[in-house]
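Quick notes on the structure that follows.
Values quoted throughout were computed directly from the atomic coordinates according to the rules given, and no laboratory measurement underlies them. The structure presented is a predicted model; accordingly, all values stated were derived computationally and were not measured. All Cβ positions, glycine included, derive from the backbone under ideal geometry; neighbour counts span all protein chains shown.
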Amino acid sequence: MQIMNFKVINKNNLVGFAEILMPSGIGFVDVTIMRKESHYWAMPPAKPLLVNGAQKIDPYTNKPIYAQIIKFSTKELKQKWSDAVIAALKMSYPEVFEQR
């Protein structure tokens with residue numbers, strides 16, 4: 001896996017967005033990189049959840065809700081993918097992990 005680009009955001013738990021290239025040649029744009037304390041994880045791209053043409057908002061958090069567009073067959077596979085994204089990001093952009 002290769003990190004083709006990374007855009008730093010550093011807002012709340014959001015670290016930034018990565019563009020990745022899988023060994024198969026499939027690319028992902030806007031992979032979300034999150035952080036809580038010293039734990040980092042990657043989330044596949046998502047799209048806004050729309051209801052009657054308007055983005056749905058969580059009534060408890062007042063934050064937008066997003067729908068998955070990429071689905072993993074198991075939780076373990078999703079975790080393995082996330083770990084691989086973070087490992088590749090550490091190799092390509094080590095400064096991201098030194099900033100916080």
Q) Which ³J(HN,Hα) values, rounded to whole Hz and listed in residue order, are derived for region 35-44 from phi using the Karplus coefficients 6.51, -1.76 and 1.60 in 6.51 cos²θ - 1.76 cosθ + 1.60 with θ = phi - 60°, glycine and proline given as x? A) 8, 9, 6, 9, 9, 10, 8, 10, 10, x
Q: Please list, in chain and number order, the residues 5+ apart from L49 or on another chain whose amide H is under 5 Å from its amide H, with Hs placed from the backbone.
A: K56, I65, Y66, A67
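Count neighbours as other Cβ atoms within 10 Å of each site's Cβ, and list the GluC sites (Glu not before Pro) in region 14-100 that are DSSP loop with at most 13 such neighbours. Don't jump to the answer; show the numbers that get you there.
Details: sites: E19, E37, E76, E95, E98; in loops: E37.
Listed in order of number, the matching sites are E37.
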Q.
I'd like the orientation of helix 75-92 relative to the chain: the angle between its Cα long axis and the longest Cα principal axis, in ° from 0 to 90, rounded to 10.
A. 50 degrees
(Q) If amide hydrogens are placed 1.01 Å from N in the peptide plane, which non-local residues have theirs closer than 5 Å to the one on F72? (A) none
Q: Calculate the spin-label point distance for K56 paired with L77, positioning each point 7 Å from the Cα along the beta-carbon direction, and give it in nanometres.
A: 2.4 nm
Q | Cα-based Lys pair tally, the chain, threshold under 17 Å, eight or more apart or on separate chains | A | 9
Q: Tabulate in residue order the Karplus-calculated ³J(HN,Hα) for region 16-24, using 6.51 cos²θ - 1.76 cosθ + 1.60 with θ = phi - 60°, rounded to whole Hz; enter x for Gly and Pro.
A: x, 10, 10, 10, 10, 10, 7, x, 6
Q. Of A54, A18, A42, which is the most mobile in a GNM of the chain whose springs link Cα atoms less than 10 angstrom apart?
A. A54
**Q.** Rotationally averaged projected area of the chain (alpha carbon convex hull; nm²)
**A.** 7.6 nm²
